[in-house]
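Chemist: A single structure is presented below for examination.
The values are calculated or read from the model by the stated rules, or taken from the named source; none is laboratory data. Being a predicted model, the structure only gives us computed values, none of them experimental. Virtual Cβ from ideal backbone geometry, glycine too; neighbours counted across all protein chains shown. Protein only, heavy atoms only, side chains kept; ligands, DNA and RNA dropped before computing areas. Shrake-Rupley method; radii C 1.70, N 1.55, O 1.52, S 1.80 Å.
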Amino acid sequence: MAYLPQVLFIVVLLLGIGYFVTNVKKLARNIKLGKNIVVDDHKSQRLTNMFKIAFGQTKMVVRPVSGFLHAIVYVGFIIINIEVLEIIIDGIFGTHRIGLSVLPESVYGFLIGTFEVLAVLVLVAVFIFWLRRNVIKLKRFLSAEMTGWPKNDANIILYIEVVLMCLFLTMNATDTAFQNLNSGNIVSQFLAPLFEGLSENTLHGIERVAWWLHIVGILAFLNYLYFSKHLHILLAFPNTYYGKLRPKGQLPNNETVTNEVKLMMDPSADPFAAPTGEADAAVPDKFGASDVMDLNWVQLLNAYTCTECGRCTSECPANQTGKKLSPRKIMMDTRDRLEEVGKNIDANKGTFVPDGKQLLGDYITHEELWACTTCNACVQACPVSIDPLSIIMDMRQYLVMEQSAAPSDLNTMMGNIENNGAPWPFNQQDRLNWSNES
Amino acid sequence: MNTTIQVPTMASLFAEGKQPEVLFWVGCAGSFDDRAKKITKAFVKILNKAQVSFAVLGTEESCTGDPAKRAGNEFLFQMQAATNIEVLNGYEVKKIVTTCPHCFNTLKNEYPNLGGSYEVMHHTQFLKALLDEGRITMEGGQFKGKRITFHDPCYLGRANDVYEAPRDLIRKLDAELVEMKSCKSRGLCCGAGGAQMFKEAEKGDKEVNIERTEQAIEVQPDIIAAGCPFCNTMMTDGVKGKEKESTIAVMDIAELIANADDF
Ligand code: SF4
Ligand code: SF4
């Protein structure tokens, strides 16, 4: 019976990790529903970006207040994982504070002391975050897309953080042996008196409960990620690695169109020649994107990485002037639709059964798409290198090249370019008239 | 502008067996829009004065295809690109300067994939280079002490990270450069990009150019400087909408320099 807690611990741990792995697999499968593009250029530049943007949080500090608070929570999160390592070892081997037996007392005390201070800082940061979202009501958290689940999601994670930090401190405060060491209990020494007068057994009981809840809480948190915008904790790393390196103004070249144009421009090409196998295979079934499967996997990774922070939307000129477009909503819609498609595949034994819906129209409207000025403010603002503009552009391509559904003014403009080589109805022969007008 | 300007074409130089230092890509706005034509002429005036050997394509120039591509018509864009590249490569063009950030971005970033690789400069970069090389000199004259704010064109700034060249030129005019609350990488769009220039805006609370003009008015400038013919139009309309046209002028950097007293 002495091994019961250890066995129980291992079962809980395996269940927690097992479920997480299942969901990660699903995530990877969903992302791979996107078109395959190869991103293997500029490896060192990409690594630098990942290190700077995801690990170093360089883009977070553009907004100093949230940047600073976020950094605290982030550092707290990373460092406290060292403590989790101790918990896991203790849990499996039935030891108690294994760290103390491998590290000198002073080093161990220093480590735990640091964690305790961080835990308090995290509590403060979380409290301010909560105020910003629920009391001060910052504009960027009030958009139409930020009601219901996205709003609750943001709060739930704050509550989980509070509970985890409090459990950690309680666990230390009720550990008599640890308090007697009087090293590293920087914060918990002030909590210990709260438990004074309790019997040793009760005290030990509380310590055990806090310990168990702490690890179960962390496993729950891990598994909550998949259903939450907090997936960015993990995906920010690959996402910043695969983020756009080209100048922001450069929109990708559509190769299929290039081949067609070459054929049309080349007088020696035989338009009736049978297409070569290679070119044939390269022809996609449609231009642009109307659903998530038409987007590429980087765009889908983007959607899963979005933290719904709304920095993109608050910089967006269309959004600032009251138009329906919100780049954050573009990302959230893409993720929602992708999740829906994923569930459809799960329910239909691995194949997607058309459900009469698609990203375009059912989630993102034409009005939103046409309001974009392609200014790249959203791309610049995103702290995790997401490119909402690329999705907007792919959907515009679909609207224009597959459906001829451009606003009529744009059709006029395009007609002018085709006929006169200018977006206005002027004659190309008059292009130099300015030089001799006074 | 009463001095006559010299505008050689590629075709005429080619016939004489000459190759200019740089091709001036005028762009559709610069060729046809009445306001933008003034910018074109101001820039040519500077080129003439600095004795830069340049040429334009004239009637052989066609839209780069930027608005078509941004509207989603990749096909039309590539047709335009293919035609233009054929002309440019035919004249063995190496270096291009343009007053339009949209042409600049497209020629610089999107033509190389389609077989057209050139060294492309925005006119503010080109002017800055002329200044650094001592080929032009200028003192502020009438702009001395004037409050000038610079509106970053999205396709010059954020899209291509050119922020300093235009600012250096403004400072060189002895003017006081004042920054709007959204500037440089956080600059606010004028509302014209992405083919918006050619269509009605979607429904909202206000137009983007009005929002941007309000930001500019906040810093109480004498002049709003721009580096893009489309921004120029949008800001001019904004200033008119706010009935400030008697106190605030909207001018392109090229116009500022061409009009500096002792240029
Ligand atoms: S690129 Fe489009 S979506 Fe992004 S900020 Fe500019 S207008 Fe908004
Ligand atoms: S796309 Fe980026 S900036 Fe926009 S909400 Fe998502 S994470 Fe934030």
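Chemist: I'd like to check which helices (runs of 4 or more DSSP H) are fully inside the range B:14-71 and have at least 2 residues that are farther than 30 Å from B:Gln196 by Cβ and of a type outside the set (Ser, Thr, Tyr).
Modeler: Once the helices (runs of 4 or more DSSP H) in the range B:14-71 are filtered for at least 2 residues that are farther than 30 Å from B:Gln196 by Cβ and of a type outside the set (Ser, Thr, Tyr), what remains is B:34-49.
Chemist: Which count do you get for residues in the range A:61-70 that are closer than 16 Å to A:Leu234 by Cα and open to solvent by less than 30 Å² (accessible area, probe 1.4 Å)?
Modeler: Residues that pass the stated criteria total 0.
Chemist: Next question. Pairs only if they're at least six apart or on different chains, beta carbon under 7 angstrom, first in the range A:298-311 and away from chain B (no Cβ under 14 Å), second among the polar types (S, T, N, Q) and within 16 Å of ligand 1 (Cβ to nearest atom); list them, first residue then second.
Modeler: Matching pairs, first to second residue: A:Gln299/A:Ser390; A:Ala303/A:Thr334; A:Gly310/A:Ser143.
Chemist: If you don't mind, there's one more thing I want to ask. If I filter the range B:146-164 down to residues being touching a strand residue (DSSP E or B) at 6+ places or on another chain (Cβ under 7 Å) and over 16 Å from A:Gly249 (Cβ atoms), which single residue comes out as nearest to the other protein chains (Cβ to nearest Cβ)?
Modeler: B:His151
Chemist: Inside the range B:16-37, can you point out the residues that are touching a strand residue (DSSP E or B) at 6+ places or on another chain (Cβ under 8 Å) and open to solvent by 40 Å² or more (accessible area, probe 1.4 Å)?
Modeler: B:Glu21
Chemist: Restricted to the range A:313-334, and to residues that are open to solvent by 20 Å² or more (accessible area, probe 1.4 Å), within 7 Å of chain B (Cβ to nearest Cβ) and touching a residue at least 12 places away in the same chain (Cβ under 8 Å), which residue is farthest from ligand 2 (Cβ to nearest atom)?
Modeler: A:Lys324
Chemist: Consider A:Asn172 carefully, then state whether it is more than 16 Å from ligand 1 (Cβ to nearest atom), away from chain B (no Cβ under 14 Å) and touching a Leu at 6+ places or on another chain (Cβ under 6 Å).
Modeler: no
Chemist: Quick check: anything in the range B:241-252 of a type outside the set (S, T, N, Q), over 30 Å from A:Val400 (Cα atoms) and surrounded by 24 or more Cβ atoms within 10 Å (Cβ to Cβ)?
Modeler: Yes, the range B:241-252 contains a residue that is of a type outside the set (S, T, N, Q), over 30 Å from A:Val400 (Cα atoms) and surrounded by 24 or more Cβ atoms within 10 Å (Cβ to Cβ).
Chemist: Just checking: which of the strands (runs of 3 or more DSSP E) contained wholly in the range B:73-180 hold 2 or more residues that are touching a Pro at 6+ places or on another chain (Cβ under 7 Å)?
Modeler: In the range B:73-180, the matching strands (runs of 3 or more DSSP E) lie at B:147-150.
Chemist: Still on this structure, I have one more. Identify, please: which residue in the range A:371-414 is outside any helix (DSSP H, G or I) and hydroxyl-bearing (Ser, Thr, Tyr) and is, among those, farthest from ligand 2 (Cβ to nearest atom)?
Modeler: The extreme case among them is A:Ser404.
Chemist: For the range A:385-405, state whether one or more residues are more than 16 Å from ligand 1 (Cβ to nearest atom) and away from chain B (no Cβ under 12 Å).
Modeler: no
Chemist: If a residue must be more than 30 Å from A:Thr22 (Cα to Cα) and in a loop (DSSP other than H, G, I, E, B), how many such residues does the range A:346-370 contain?
Modeler: So the answer is 1.
Chemist: Ok, one more. Quick one: which residue in A:Thr240, A:Thr256, A:Thr202 is of a type in the set (Ser, Thr, Tyr), free of Cβ contacts under 8 Å to residues at least 12 places away in the same chain and not in a loop (DSSP other than H, G, I, E, B)?
Modeler: A:Thr202
Chemist: Can you tell me which condition B:Gln78 does not meet? The list is (1) free of Cβ contacts under 8 Å to residues at least 24 places away in the same chain; (2) at the interface with another protein chain (Cβ under 8 Å from one of its Cβ atoms); (3) open to solvent by less than 10 Å² (accessible area, probe 1.4 Å), and all the others hold.
Modeler: With (1) free of Cβ contacts under 8 Å to residues at least 24 places away in the same chain; (2) at the interface with another protein chain (Cβ under 8 Å from one of its Cβ atoms); (3) open to solvent by less than 10 Å² (accessible area, probe 1.4 Å) applied to B:Gln78, the lone miss is (1).
Chemist: If I filter the range B:41-51 for residues that are within 11 Å of chain A (Cβ to nearest Cβ), of a type in the set (Val, Ile, Thr) and in contact (Cβ under 8 Å) with a residue 40 or more places away in the chain, do I get at least one hit?
Modeler: No: the range B:41-51 contains no residue that is within 11 Å of chain A (Cβ to nearest Cβ), of a type in the set (Val, Ile, Thr) and in contact (Cβ under 8 Å) with a residue 40 or more places away in the chain.
Chemist: Also, I was wondering about something else. Among the residues of the range A:204-225, count how many are open to solvent by less than 20 Å² (accessible area, probe 1.4 Å) and of a type in the set (Ser, Thr, Tyr).
Modeler: 0
Chemist: Name the one entry in A:Glu339, A:Glu368 that is within 12 Å of chain B (Cβ to nearest Cβ), at pLDDT 95 or above and either open to solvent by 10 Å² or more (accessible area, probe 1.4 Å) or more than 14 Å from ligand 2 (Cβ to nearest atom) (or both).
Modeler: A:Glu368
Chemist: Still on this model: Which of the residues spanning the range B:115-154 are within 16 Å of ligand 1 (Cβ to nearest atom) and open to solvent by less than 10 Å² (accessible area, probe 1.4 Å)?
Modeler: Those that are within 16 Å of ligand 1 (Cβ to nearest atom) and open to solvent by less than 10 Å² (accessible area, probe 1.4 Å): B:His151, B:Asp152, B:Pro153.
Chemist: Got at least one residue in the range A:33-52 being within 20 Å of A:His230 (Cβ to Cβ), modelled with pLDDT of 95 or more and open to solvent by less than 60 Å² (accessible area, probe 1.4 Å)?
Modeler: Among the residues of the range A:33-52, at least one is within 20 Å of A:His230 (Cβ to Cβ), modelled with pLDDT of 95 or more and open to solvent by less than 60 Å² (accessible area, probe 1.4 Å), which makes the answer yes.
Chemist: For the condition at pLDDT below 95, under 29 Å from B:Ala11 (Cα atoms) and aliphatic (A, V, I, L, M), what is the one hit in B:Ile136, B:Ile96?
Modeler: B:Ile136
Chemist: Please identify the pairs in which a residue from the range A:34-57 that is farther than 25 Å from A:Arg335 by Cα has its Cβ atom under 7 Å from the Cβ atom of a residue that is open to solvent by 60 Å² or more (accessible area, probe 1.4 Å), counting only partners at least 6 apart or on another chain.
Modeler: Note: pairs meeting the criteria are A:Lys52/A:Thr58.
Chemist: Here is a follow-up. Could you list all residues from the range B:181-206 that are in contact with a Pro (Cβ under 6 Å, 6 or more places away or on another chain) and surrounded by 24 or more Cβ atoms within 10 Å (Cβ to Cβ)?
Modeler: Residues satisfying the conditions are B:Leu188, B:Cys189, B:Ala195.
Chemist: Confirm whether A:Leu47 is over 23 Å from the mean Cα position of the chain (by Cα) and not charged (D, E, K, R).
Modeler: Considered against the rule, which asks whether it is over 23 Å from the mean Cα position of the chain (by Cα) and not charged (D, E, K, R), A:Leu47 comes out as no.
Chemist: Kindly provide the set of residues from the range B:58-74 that are within 8 Å of another protein chain (Cβ to nearest Cβ) and buried (at least 22 other Cβ atoms within 10 Å of the Cβ), ordered by number.
Modeler: Once the filter is applied, which keeps residues that are within 8 Å of another protein chain (Cβ to nearest Cβ) and buried (at least 22 other Cβ atoms within 10 Å of the Cβ), the range B:58-74 yields B:Glu61, B:Cys63, B:Gly65, B:Pro67, B:Ala68, B:Lys69, B:Arg70, B:Ala71, B:Gly72, B:Asn73, B:Glu74.
Chemist: Assess whether A:Thr305 counts as being over 25 Å from B:Cys154 (Cα atoms), of a type outside the set (Phe, Trp, Tyr) and within 13 Å of ligand 2 (Cβ to nearest atom).
Modeler: Answer is yes for this residue.
Chemist: Can you give me the number of residues within the range B:193-202 that are facing another protein chain (nearest Cβ under 7 Å) and assigned to a loop (DSSP other than H, G, I, E, B)?
Modeler: 6
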